[in-house]
Every structure is written in structure tokens, then in C-alpha cells.
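Shown next, in C-alpha cells, is the structure this report addresses.
The values are calculated or read from the model by the stated rules, or taken from the named source; none is laboratory data. Please read all numbers here as calculations on a predicted model, not as lab measurements. Methodologically, a virtual Cβ is constructed for each residue, glycine included, from the backbone with ideal geometry; neighbour enumeration extends over all protein chains shown. Ligands, DNA and RNA are stripped out before the accessible areas are found, and what is left, the full protein with its side chains, is counted by its heavy atoms. Shrake-Rupley method; radii C 1.70, N 1.55, O 1.52, S 1.80 Å.
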Amino acid sequence: MKKLCKNIFAASAILVSTASFAFAEWSPTRPVEFVVSAGPGGGTDNFARTIQSIINKYDLMDRSVIVLNKGAGSGAEAFLYGKQNKSDPHKLIFATNNVYLLPHVTRMAYQASDLTPVAALAMDEFILWAKGDSKYQVPEDLIKDAKEQPGRLAVAGSQAKDVDETLVALIKQATGAQFKYVPFNGGGEAAVQLAGGHVVANVNNPNENLGQWKAGGVKPLCVFAPRPMEAGEPIRDGKGWADIPTCESAGLNIKEYRLPRTVWLPAGTSPEVVEFYADLMKKVSETPEFKAYLATTSQTGDFKSGEELKSFIAQSDADSVKVFEAEGWLKK
């Protein structure tokens, strides 16, 4: 009888141990790579390194973080790296919406389905800017001139067939105004070109034009967001980000166009792994340091994960494809 009881106890212990192991929360077992789909010093790199420093400061993860920059091919290098490391739970890919939009316009060695979305932590807003001393006060002033001079008014942006040119094409489709899009290597160059009067407008993110706005070289006409930006310190003539009207309220019929700051895993990782990193990113987004990062970079905090994130990506993808198709950009 005693032997039987011992056997039952031992079997029970094994079952309890097995069950505990099966339901134990997953956590990394080796250093985690933060794979940045851009070069050092850019917005995506700053995003990833800010998260790295917050994780280290608050000991949010037992394993160390290594940042790798793989920005070639507009970020495709990082996304292909994710595909090549399928099911690896120790590689996080940091991106924007380029991860799912690039395969639509260029032949790539990966598809968006080769990666799994984990979280979006912030939205980088887009603003329609004009030269500081120009006659343009509201978007309609610029649209009117463009309609009277189709294809002649130059608008600056960063890269070709990327987010900036997509927005300019969206403005054309919404208003019928045709601009001459002029691509530059980055938002900084686009800001200088506008301040110098070489173009009539640009569609830069807030932080890219901040210095020129302070100096009076450029001025904001409207922000492509569903609501005004967060209030902050005045920047020029007593006005700050919160004083910029939404484009929809200013008469430009585009409710929203925003750049998400996203985090991805290679496809094939388990739901427990995705949940672990989504929870980690949620904790990061709630820290004072991340809120300070948002304020410094003039971005909007907007955490998304799970089904909410998937729904956002699906809608963003569908809206962008409509623009690509109308412009003839879809890959053949």
C-alpha cells in the first residue's frame, strides 16, 4: 500500500511539473537582436535604441539587446533577414509601414507574410508645409494654384514611390491638383529646399521641419491626422503643434495619413513569443522615458497589438494599394 501511494505521489509530481512547464511564460534564452530596417541615426534607429535603453534601465528583460542596422534596399535587408531566420524568437525587426508596402511596388525576396506583427508604439505625423513667407495660409490656397498650373508646382519629399510621394499622390487623387514631386535623400534636405524657395511645399514629419519652422523658413498648413497633435511649448509666433489644424478640418479631404513605428518577429514564432514581446513593448510605452522620446521627436503615442494592430495594417495596406494602382506603381 505504501509503495502504491509513493508511486501515485511520484506520478502526480511529474504531472504537476509537466503542467507547470507547459504553462510557464516564455522568455528569451539568449541575447535578443533588434534588427533596424534603416541606417544609424535615422528615425527607426532612434526608435529601436530608445526602447533598448528603456529595457536596460528598468530591467524589463533578463537577456541583453544587440542593435543591428540592416537598412539596405529601403529596409528590405532587414525584412529578408527576418525571413531567413524563420521561427527565431530572438530577432525583432524594427520598421514602419515599409515592411508591408515595399513588396507591392518592387520585386522583393520576401513577402509581408514572412514576418509577424508584434506591436506599433507610435505614429509619426505628416504635415503639409509651405514656405514661411509664402502667400499660402490654408491648404486650399496651394490646391487652387496647383489646379491653375497643373504639374508645375514642385513639392519636396523623401525618396521616390515611398511614403512622401504616396501622400502627394493621395492629395492629387483627393483634390484633382497635380504637383511636380521632387524626391530628396531625406526629410532634412526637403526642409532646406522648401526654406530656400526651391519648391513650394513639402510633406515632412514634424521633427524634420522643426528647425526651419523655428527659424521662420517654413510654416505648417495642416496635419494629416484624425485629431490635433499634443500640446507643447510654442515654436513660432506663439504657435505650437496643437495649433495646427487637421487637414480634414482645413478643407483637404484626407482624414488620416500617418507613419506607424512598428515591431515584428520572423514568421513561425509561437503566440507565446508574440505575447511576450507585445507585453514588453506595452511596458516600454508606459515609461516616462518613452513619453519624453515622443515629445522630443514630435510623435504621437498610439500603442497597438493583437487584432487591433492586424486590422490597422490591413486597412493601411489596402488604402496604400489603391494609391499605387491609380499611379501605376504596382509591380508588374
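Which links in 214/255; 291/331; 131/304; 83/304; 255/291; 283/331 stretch past 29 Å when you go from one Cα to the other?
291/331; 131/304; 283/331
What whole number of Å gives the distance from the Cα centroid of region 96-152 to the Cα centroid of region 257-301? One Cα centre to the other: 22 Å. If the reach is capped at under 22 angstrom between alpha carbons, list the lysines near residue 332, excluding any in the same chain fewer than eight residues apart. Answer for residue 332, where 22 Å is the Cα cut-off: 161, 322, listed by chain and number. Residue 86: which lysines have alpha carbons under 21 Å from its alpha carbon, excluding same-chain residues fewer than 8 sequence positions away? Within the straight-line limit of under 21 Å, residue 86 reaches these lysines: 70, 310.
Backbone geometry of region 42-50 corresponds, through the Karplus equation with coefficients 6.51, -1.76 and 1.60 at θ = phi - 60°, to 3J(HN,Hα) couplings of x, x, 5, 5, 4, 4, 5, 6, 5 Hz, x marking Gly and Pro.
Accessible surface comparison of 272, 77, probe 1.4 Å, protein chains only, largest first: the order is 272, 77. A straight line joining the Cα centroids of region 211-227 and region 228-245 runs 9 Å. Net charge in the neighbourhood of residue 199 (other residues with Cβ under 10 Å of its Cβ; Lys, Arg +1, Asp, Glu -1) is +2.
Over the chain, calculate the relative contact order: mean separation of alpha carbon pairs under 8 Å at least 6 apart, over the residue count, as a percent. Display every interim value, and only then the final one.
Working: 611 pairs, mean separation 79.4, N = 332.
Worked out over the chain, it gives 24 percent.
Report, in debye and to the nearest 20, how large the dipole of region 86-136 comes out about its Cα centre when Lys and Arg carry +1 and Asp and Glu carry -1 on their Cβ. Write out the running numbers ahead of the final one.
On the way: 5 positive and 5 negative charges, 33 e Å.
Magnitude of the dipole: close to 160 debye.
Working note: Debye formula, equal point scatterers on the alpha-carbon atoms of region 151-215, no solvent; log10 I(q)/I(0) at q = 0.17, 0.28, 0.29 Å⁻¹ is -0.52, -1.22, -1.28. Excluding ligands, DNA and RNA, the accessible surface per residue across region 45-203 is 41 Å² with a 1.4 Å probe. Between the amide H of residue 184 and those of 157, 158, 159, distances stay under 5 Å, these residues lying 5 or more places away or on another chain, with hydrogens modeled in the peptide plane. Magnitude of the charge dipole for the chain, about its Cα centre and with charges confined to Cβ atoms of Lys, Arg (+1) and Asp, Glu (-1), is about 760 debye. Beta-bridge orientation, the chain: approximately 60 percent antiparallel, per DSSP, counting only bridges with both partners inside. On the beta carbon distance between residue 144 and residue 322, with R0 = 30 Å, the FRET formula returns roughly 0.75.
The equivalent ellipsoid that matches the C-alpha gyration tensor of region 194-266 spans semi-axes of 22, 16, 15 angstrom, in descending order. For the chain, the fraction of C-alpha pairs farther apart than 39 angstrom is 21 percent. Just want the answer: with Cβ charges of +1 for Lys and Arg and -1 for Asp and Glu, which residue in 98, 224, 110 is farthest toward the dipole's positive end in the chain? Looking along the dipole axis, the top candidate is 110.
Scaling against 2.2 N^0.38 Å puts the C-alpha radius of gyration of region 37-167 at 1.36. Rounded to the nearest whole angstrom, the semi-axes of the ellipsoid equivalent to region 252-332, taken from the Cα gyration tensor as √(5λ), stand at 28, 20, 10, largest first.
Computed from the Cα positions only, the extents of region 55-124 along the three principal axes stand at 41, 29, 20 Å, in decreasing order. Only helices enter the 222 nm calculation for the chain: every DSSP H run of n ≥ 4 contributes -39,500 (n - 2.57), and dividing by all residues gives -13500 deg cm²/dmol, rounded to 500. Ranked by solvent-accessible area (1.4 Å probe, protein heavy atoms only, all chains present), the residues 25, 140 order from largest to smallest as 25, 140. With contacts taken as Cα pairs under 8 Å at a separation of at least 6 residues, region 141-276 carries a relative contact order of 19 percent.
Each semi-axis of the equivalent ellipsoid for region 77-232 is √(5λ) with λ an eigenvalue of the Cα gyration tensor; in descending order they amount to 33, 18, 14 Å.
Of the solvent-accessible surface of the chain, computed with a 1.4 Å probe and all protein chains present, 52% belongs to carbon and sulfur. Springs join every pair of Cα atoms under 10 Å in this Gaussian network model of the chain, and among 60, 167, 265 the largest mean-square fluctuation is at 60.
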